[in-house]
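Asks: Attaching a single structure in structure tokens format; questions to follow.
Just so you know, all these numbers are worked out from the coordinates, no wet-lab data involved. Quantities reported herein were computed from a predicted structural model and do not represent experimental measurements. Don't worry about glycine lacking a Cβ; one is built from the backbone with ideal geometry, like all the others, and counts go over all protein chains shown.
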Amino acid sequence: MNSTLNLLIGMAMGLNLLALGGSRVPQVIRAVAVQGIVLGVLPLLLEHDFGWLVALVAVITVMVKGFLIPGLLNRAMRAAKIEREIDPFIGFVPSLLLGAGGTIAAVAGARMLPLLPEHAGTLLVPGALASIFTGFILLIGRAKAISQVCGYLILENGIYLFGLLLIRSTPLLVESGILLDLTVGVFVIGIIVDRIQRAFDSLDTRKLTVLRE
Amino acid sequence: MRELLLIIVPLAGAALAVLWPSERTRPWLMPAVGVVHTALALWLLFSPPQVDPGAWFGFDPIARAVLPAVSILFLACAAYGVSYLRIRTERPNRVFVASLLAILGLLSAGHQARHLGMLWITTEAVTLTAVPLLHFNGTSRAFEATWKYLLVGGTGIALSLLGSFCLGYASVRGGGSGDLTFVALMAQGHLLSRPWVLIAWVFLLVGYGTKMGLAPMHTWKPDAYGEAPSIVGAMLAGGVTTVAFTAVLRVRSVINAAGAGAAADLTLLAIGLFSMLVAVLFLLGTRDFKRMLAYSSVEHMGILVIGAALGPAGMWAAFFHVWSNSLTKGALFLSAGNIRRAAGARTVDEVRGMSSVTPQSAAIFVAGMFAVTACPPFGPFFSELLVVRAAVATGHVGAAAMFLGCLLFAFFGLTRLVFAVVDGKPRPGEGAEGKRIREKAGVIIPPLVLMGISLWLGLATPHALQAAWTDAVHQLFPAP
């Protein structure tokens, strides 16, 4: 079972690099969508006694992270007519190298953390750390609002991956509450992207510079 | 049951506001809920209920020491809001009123949250509910501020979730059963896995610190406070930051129980002094009097965490400062809103001579400025004095000196701006061209009452409040 788990998390880590190296916005959105689907099915693998609540959480996660949010982002992208991320703050090759370095550091660093025996052989912690790091690079290094939202989503995926460590010990009520809140948060971001594009006719955050000292 | 009403009544009020048909009468729901909420909060302050140790929500000493201040601040903002929304009839107020009421309910839940997960969910919900309030004005500047608020605030909230997971894992790794109430976590004490506890502290401090607006995570604050209506600014500066501060305190008590209290206090002290320093540098530079209030808020958040880092005496002073800061800041925001509307601008280059245009608001603004820069006999003077005393008593003389230096320069920065706005001759062609504007009682009395309470807190701090703060300190520093 651990090998399937590690395979999926490994895929998610690969998708991180794809999102970092992609200059075309649709490619980045697709990477985030696939990552959402891959991570969404993980609770089914981790939970031994298959309950309907776990299945429901997994289905909702896949629907929201894999289809709903990418759909919103695609629509915003088409409306604002942005296809490419031009002239990012951190170039594509440097961010790819940073991401690769971060992934290696995450795998090495996770060995030093004290883990429960059942988690020691999995990629859960390295995958979480690598995704969080990737999310930050995109948040800081991209100028287009849609790319930044993608960075935020990858950051959230990393945190979600980390939360899976606790899925057996904490009540599922809290887990589903957390899931719900993440959905709401991202939904609001979708609305804002929609609003912002009407207000500025472009999603370049470099133009958001009226407010400064 | 009474403590749950604090959460239910505002949320029910929010639902009612959504359904309420009349634009004209809807704002009255805010003071109606505010009166009920304040009455309940004061009743609970004077006769605290029994708290079930395992409960997820409860009116425990920490909630008792802080929540009534938020309640009073909301009541003042709600009363002001009725007059304010009457001026702003061009914008629909359904979402505004409902969001503001929902925020009050969620803040009550957040202050009473005794469970790590519930604390995170309620603070996250507060962040999201504030979004429609921030772009109430609908300008492109307001959208820009909202976008920055969501991106920075969202990242902060994500990091505090990561920190909560790390703390949960520390408990599970240490043999915990997965019970994430603060009582259970503190009972585990030294059994909590130490590396995970330290990682959790870093993420939780950064996450909730973003919400408080501690430097260097404060970047959303000037934009949000500058662009939002004054009541929203007052509620963010006095209520939302407070819930984040209690979150930091609750987490710190777990870290302390795990034996890493000294490290936690050191980081709090460092980040607090850094926040004060950054705030002062910007206070000396900014030319916008609403953004000035944001930097002043960053400074006061720094003072709060410095107090929290200085042991029981400092913690007591921090609770005192929560009250004096929330109420004084409220008065400042509301009077600044009056001045901003009368002048039609908010930088010192465009606004001057407001003492002859809006004399009452200008007087409250100046009094609030003296209060917030810790001039006696207002509340902040006494709470900050206690912070300095706690710093000296615990041997942090250097920190105390830096603290006082920052206060002095903050005083220069604030007086420079406030007197530039208030003094001189009004600009010709601006606003009412120097004519006195009639100031309605609805926008003068609420900030005046807040200033009055701030003065009262300084001159004669009620014994019930002092006892509440002492109880809260006992909860955070349990006797071994």
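Asks: What is the sum of charges, Lys and Arg at +1 and Asp and Glu at -1, for the other residues whose Cβ falls under 13 Å from the Cβ of residue B:323? If you can, show how the numbers build up before the last one.
Replies: Working: positive: B:64, B:329; negative: B:384.
So the surrounding residues net to +1.
Asks: Whats the longest run of chain B with zero GluC sites (Glu not before Pro) that are DSSP loop and have at most 10 other Cβ atoms within 10 Å? Before the final figure, lay out each step's value.
Replies: Values: sites that count: B:90, B:433.
With a cap of 10 other Cβ atoms within 10 Å, the longest stretch comes to B:91-432.
Asks: If you stretched the chain out fully between residue B:4 and residue B:281, how much longer would it get, using 0.36 nm times the residue separation minus the C-alpha to C-alpha distance?
Replies: Details: separation 277, 0.36 × 277 = 99.72 nm, distance 4.27 nm.
Roughly 95.4 nm would be gained on extension.
Asks: I need to check one value: relative contact order of chain B, counting alpha carbon pairs closer than 8 Å and at least 6 residues apart, in percent. Please list the in-between numbers first.
Replies: Details: 838 pairs, mean separation 77.8, N = 480.
Contact order relative to length: 16 percent.
Asks: Please report the projected area of the range B:2-476's Cα convex hull averaged over all directions, in nm². Working shown, then result.
Replies: On the way: hull surface 79.6 nm².
If you wrap the Cα atoms of the range B:2-476 in a convex hull and average its projections, you get 19.9 nm².
Asks: Once each part is reduced to its C-alpha centroid, what is the distance from the range B:86-102 to the range B:330-405 in angstrom?
Replies: About 29 Å separates the Cα centre of the range B:86-102 from the one of the range B:330-405.
Asks: Given a Förster distance of 25 Å, report the FRET efficiency between residue A:2 and residue A:67 from their Cβ-Cβ distance, rounded to the nearest 0.05. Mind showing how you got there, number by number?
Replies: Details: r = 28 Å, r/R0 = 1.13.
Efficiency for this residue pair is about 0.30.
Asks: Three principal axis extents, largest first, for the C-alpha atoms of the protein assembly as shown, in Å?
Replies: 76, 63, 52
Asks: Using only alpha carbon pairs under 8 Å that are at least six residues apart, calculate the relative contact order of the range B:41-149 and give it in whole percent. Could you put the intermediate results ahead of the total?
Replies: Working: 78 pairs, mean separation 29.1, N = 109.
Worked out over the range B:41-149, it gives 27 percent.
Asks: Could you work out [θ]222 nm for chain B from helices alone, using -39500 (n - 2.57) per DSSP H run of at least four and dividing by all its residues? Round to the nearest 500 deg cm²/dmol.
Replies: Numbers: 20 runs with 360 residues, N = 480.
Dividing the helical sum by the residues of chain B leaves -25500 deg cm²/dmol.
Asks: So which trypsin sites (Lys or Arg not before Pro) in the range A:45-151 pass both tests, a DSSP loop state and at most 14 other Cβ atoms within 10 Å of the Cβ?
Replies: Details: sites: A:65, A:75, A:78, A:81, A:84, A:111, A:142, A:144; in loops: A:81, A:142.
Passing both the DSSP loop test and the Cβ count: A:81.
Asks: Here is a further query. How many times 2.2 N^0.38 Å is the alpha carbon radius of gyration of the range B:315-387? All intermediate terms of the calculation are to be shown ahead of the outcome.
Replies: Values: Rg = 14.0 Å, N = 73, 2.2 N^0.38 = 11.2 Å.
Scaled against compact globular proteins, the figure is 1.25.
Asks: Using the Karplus equation 6.51 cos²θ - 1.76 cosθ + 1.60 (θ = phi - 60°), what ³J(HN,Hα) coupling, rounded to whole Hz, does each residue of the range B:247-258 give in order, writing x for Gly and Pro?
Replies: 4, 4, 5, 4, 5, 4, 5, 5, 4, 4, 5, 7
Asks: Taking 7 Å along the Cα-to-C-beta vector as the label spot, tell me the residue B:88-residue B:464 distance in nanometres, rounded to one decimal.
Replies: 3.3 nm
Asks: Taking residue A:81 as the anchor, which lysines have their alpha carbon closer than 19 Å to its alpha carbon, excluding any fewer than eight residues away along the same chain?
Replies: A:144, A:207
Asks: Using the Kirkwood radius built from alpha carbon pairs, what does the Stokes-Einstein equation give as D for the range A:32-112 at 10 °C and 1.306 mPa s, in µm² per second? Could you put the intermediate results ahead of the total?
Replies: Values: Rh = 15.8 Å.
Value of D from the Cα-based Kirkwood radius: 101 µm²/s.
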